[in-house]
Amino acid sequence: MGAAVKKMVPGGMDEDRAEKLAEVLRGMAHPLRLRMVAALCESDRTVTDLTAMLGVRQSAVSQHLAPLRLLGLVSVDRTGGKATYSLAEPHLRTLVDCLLGCRNR
C-alpha cells in the first residue's frame, strides 16, 4: 500500500494543517479571548491585570484563559505566589495585527 496522499489547497496548506489552524481560530473566537490575547501581545499580565484592563470579573478571565492555555497559545509562569500569563505562540501578534487591519476601514 502507498502512502496517503494529502490534498493541497491554495497556499500549500494541507487538510491536517488547516484543521489545526481552524482549532486555533475556534479557540480565539470569543470577544473576551481576543481582547485578552491582544493585551498579552503588549505585555505579560496577571489575572488581576487582565481583570482591571478588560473590566470583567476574575472568574471570567480565568475561564477564558483555560482554553487558550490548553491550545498552547498562552503560557503561565507561577512565581512568587502569582501567575503571570504570556503568549506562548509569538505569531499571535501578527494574527491580532491582521485582524485589527481587517476591520479598520
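A few comments on the model shown:
- Order of Met36, Met13 under a 10 Å beta carbon neighbour criterion, fewest first: Met13, Met36
- Each Lys and Arg contributes +1 and each Asp and Glu -1, all at the Cβ; summed about the Cα centre of the chain, the dipole is approximately 280 debye.
- Remark: the stretch 27-39, residue by residue, has Karplus-estimated 3J(HN,Hα) of x, 9, 7, 8, x, 5, 5, 4, 5, 5, 4, 4, 5 Hz, where x stands for each Gly or Pro and the curve is 6.51 cos²θ - 1.76 cosθ + 1.60 at θ = phi - 60°.
- Listed from fewest to most Cβ neighbours within 10 Å, the set Thr48, Thr79 follows the order Thr79, Thr48.
- Crossing angle, helix 58-70 versus the chain [Cα axis fit, 0-90 degrees, rounded to tens]: 30
- Net length gained if the chain between Thr94 and Glu42 were fully extended (0.36 nm per residue, minus Cα distance): 17.5 nm
Rule-based calculations on the coordinates, nothing more; no lab input. Predicted model only: the values in this text are computed from it and were never measured. Cβ atoms come from the backbone with ideal geometry, glycine included; neighbour counts cover every protein chain shown.
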